[in-house]
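Novice: I have a structure I would like to understand better, so I am pasting it below and will then ask my questions one at a time.
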Protein chains: 2
Amino acid sequence: MANSGKKKATIYDLSVLSGSSPSTVSAVLNGTWRKRRIKESTAELIRSLAETHQYTANRQARGLRSSRSGLVGLLLPVHDNRYFSSLAQTFEAHVRSKGQCPIVVSASRDPEEERKTAETLISYSIDELFICGATDPDGVHEVCEAAGLKHINIDLPGTKVPSVISDNFEGGRLLTEAIIRHFPADRPLQPTDLYLFGGRNDHASHERIRGFRAVKKAMLGDDPDECIQPTGYAANNARKAFEAFYTRHGKLPRGLFVNSSINFEGLLRFMAEHPHDNFTDLVVGCYDYDPFASFLPFPVIMIRQNVEGMIAKAFEVIEQPRAAPRIHLVEPELVPPRTALTGPLDALKDIDLPRGKS
Amino acid sequence: MANSGKKKATIYDLSVLSGSSPSTVSAVLNGTWRKRRIKESTAELIRSLAETHQYTANRQARGLRSSRSGLVGLLLPVHDNRYFSSLAQTFEAHVRSKGQCPIVVSASRDPEEERKTAETLISYSIDELFICGATDPDGVHEVCEAAGLKHINIDLPGTKVPSVISDNFEGGRLLTEAIIRHFPADRPLQPTDLYLFGGRNDHASHERIRGFRAVKKAMLGDDPDECIQPTGYAANNARKAFEAFYTRHGKLPRGLFVNSSINFEGLLRFMAEHPHDNFTDLVVGCYDYDPFASFLPFPVIMIRQNVEGMIAKAFEVIEQPRAAPRIHLVEPELVPPRTALTGPLDALKDIDLPRGKS
DNA sequence: CTTATTTGCACAATCGATGGTGCAAAGACT
DNA sequence: AGTCTTTGCACCATCGATTGTGCAAATAAG
């Protein structure tokens, strides 16, 4: 670590150096100087001084005065997940393009932590908050509302402000249909061959399950309750559920609808404990996309949510002064097995910096 | 979105309500009140008022006065990556446990953007900065140094302040050895059967390559230069390199050392374009861990970096007043094929909130 | 040469929390 | 009762940038 004693230059330093007042310096450096009829030459002098002294405005002071901070918050369940980190990546690009600074935090899907975390962000006077995948969006809403903070829901809807979410019903339908069609006509899937694992009592799970059941009923004729196993969003819970099924039936279901990649990891954990099983008669549909999962040794059909579309829509809606608290659906995309899609990172150039040191 | 007119309560509001002065309110609510000899009953009154009015201190005002913000920065190359998002997750837990607020941003491995981003964070008066995987750590150092900001390098080392990084040489050695040993004795690997793809002119790549070459030389007797293909950190560049090799030789190398998961994605993209190839005589070693990759239909040996260990070490070192700019190595872990490891998310309880609405 | 107008900028209040200082009132002590 | 402490708190400057207002000097108009 390092911490030299140097301090940052302030408008007062520059005002002394330039022989003008702090307010003049401030106006010049924040762009409002024409309105204040500052001479071009004065502005030029101050700008060059700022340049040589590496002046940058103290955001805390500016924010205190203007009660805006330039910070835009994103509240996630977790970072450590392909879908959410992709949201973070896209979110950051949008925020930075508006000249603001993203502040991304996670709250573990815990309602209490969600509210506390929102409070913390509010104490930094953030300008807007994007509430993503929250277990209790309306709880966070109360907190934002009390602070007069603009906010919007993503991924999981609330009832108080607009929500931008995936069309989970349609995605569930698409995925279920693709799983069923993947089986050959001579060995078709029976209703009890197709199970859904993962998810919980949230809007997304409900919709996906609704889509799953609708398609099952329509295509397979029946839709037994036992085939729905909303085991939550934890790999180990999913693993236990697969294990339990396996113990009871001596095999896995032929068709699996796995709700989210974290539960797919649970399936892997289960498989790791059964190294001699080949799972040849198995088709997995996963509501989430991961390129590696797509190439696993059994057919894996995936859903990729339209992250860029959702973020863009959310930024559009949050700017509308008095938008109604309706749900905006964004269509997800079905990804066939063995597909390597590009992501937000592909937009980056891969630069190489020639470096002096080895 | 929503934005009611309400304002947050301030110490001035509470001072009026309680009949005491703002400084008394401040002292009570920030814990310094005993030092100021405030009566217990006064403190109690103010605390209850703060409670009912949902008071939280304005961090910008506090930060302005104290020239600290409670923000701790993490500068990443990208969010959208299992390794870095796992670092973000672990970082956040550490920061929050100290009562501070994490602010995680990415700078795309671009030296200029890295410096600019650091400047932005500095303008928010962050208290510390963790520089992770930066292409030009010393460039960021200059910026921090000028602002008197404590900072430390992670993942890629700099020369000016301490660095906490993986033992990439050892990791490279481990991985290379495991790849070679994975081939049966009757069909052993030849020197030109084992290629390394990915990475660039950075410290981590150098060390991994050094480990790779050392083991190759020792175990296979030779180590041709052509087997080193540092194609960068972009999936498509890697894909092209695999394609080029394939075009030239009609097959892939039997053994592949893939430097980072993003380049592994490049391999998948290549494979997606060759759906009829089975790639049966192939062993991949990847310097990064991903559970799905671990279960691919060919043997995949992986390296998992010790994220928790690195973050913990970094927090330890950054608190040392005048630590020398040395490199702290953290040992990575070899992960055999078909292994589903647990991650930071497993520490979270999977709570379910019973909700009124469907 | 006056009066009106415009130009160019300085002054000072403000945002909310902090912390040094000062000073009454209450209590201790002689 | 008079002096000395201690207690309990108020007052005020401060952090750095923003912004409404005021006022000279320069210029234009008559």
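The numbers here are math on the coordinates, done by the rules we state, and not lab data. Model, not experiment: these values are computed from the prediction. With ideal geometry, Cβ positions are generated from the backbone for all residues, glycine too; neighbour counts draw on all protein chains shown.
Novice: Could you check the spin-label model distance between A:E51 and B:S66? Points 7 Å from the Cα along Cα→Cβ, value in nm.
Specialist: 3.8
Novice: Which values, in whole Å and largest first, are the semi-axes of the equivalent ellipsoid of the range A:168-305 obtained as the square root of 5 times each eigenvalue of the Cα gyration tensor?
Specialist: Calculated on Cα positions only, the semi-axes equal 20, 17, 15 Å.
Novice: Using Cα pairs under 8 angstrom and six or more residues apart, how large is the relative contact order of chain B, in percent?
Specialist: About 14 percent, as a whole number.
Novice: Where is the GNM fluctuation largest for chain B (alpha-carbon springs, 10 angstrom cutoff): B:E40, B:E119, B:E308?
Specialist: B:E40
Novice: Between A:V16 and B:K98, what's the calculated FRET efficiency when r is the beta-carbon distance and R0 is 56 Å? Round to 0.05.
Specialist: 0.90
Novice: Hey, another quick one. Using a Gaussian network model of chain A whose springs link C-alpha atoms within less than 10 Å, name the residue from A:N81, A:N278, A:N153 with the highest mean-square fluctuation.
Specialist: Fluctuation is largest for A:N278.
Novice: Report the convex hull volume per residue for chain B, counting only C-alpha atoms, in Å³.
Specialist: 201
Novice: Sticking with this structure for a sec: What number do you get for the range A:11-57 when its Cα radius of gyration is normalised by 2.2 N^0.38 Å, N = residues?
Specialist: Computed over Cα atoms of the range A:11-57, the ratio equals 0.96.
Novice: Note the distances from B:R187 to each other copy's matching label point, with points 7 Å along the Cα-to-beta-carbon direction, in nm, sorted shortest first.
Specialist: Reported distances to equivalent positions: 2.6 nm.
Novice: I need the helices of chain A that pass two filters: whole DSSP H segments spanning 24 Å or more by Cα along the axis, and mean Kyte-Doolittle score no lower than -1.0.
Specialist: Length and hydropathy pass: A:203-220.
Novice: List the distances, in nm to one decimal, from the label point of A:S97 to the label points of the same position in every other copy, shortest first, placing each label point 7 Å from Cα along the Cα-to-Cβ direction.
Specialist: Ordered by distance, the counterparts are at 3.8 nm.
Novice: OK, next. How much mean residue ellipticity at 222 nm does the protein assembly as shown get from its helices, if each DSSP H run of length 4 or more adds -39500 (n - 2.57) and you divide by all residues, to the nearest 500 deg cm²/dmol?
Specialist: -13500 deg cm²/dmol
Novice: Would you kindly give the portion of the calculated P(r) for the protein assembly as shown that falls above 48 Å, as a percent of all Cα pairs?
Specialist: I get 22 percent for the Cα pairs in the protein assembly as shown exceeding 48 Å.
Novice: Here are some pairs, A:K8/B:K160; A:K98/A:K313; A:K8/B:K8; which of them have Cα atoms lying more than 26 Å apart in this structure?
Specialist: The answer is A:K8/B:K8.
Novice: If you wrap a convex hull around the C-alpha atoms of the range A:33-79 and split its volume per residue, what is the figure in Å³?
Specialist: That works out to 131 Å³ per residue.
Novice: Could you grab the relative contact order for the range A:1-114? Cα pairs under 8 Å, six or more apart, rounded to a whole percent.
Specialist: 20
Novice: Right, something else. Could you list B:F212, B:F183 in order of exposure, starting from the residue whose Cβ has the fewest other Cβ atoms within 10 Å?
Specialist: B:F183, B:F212
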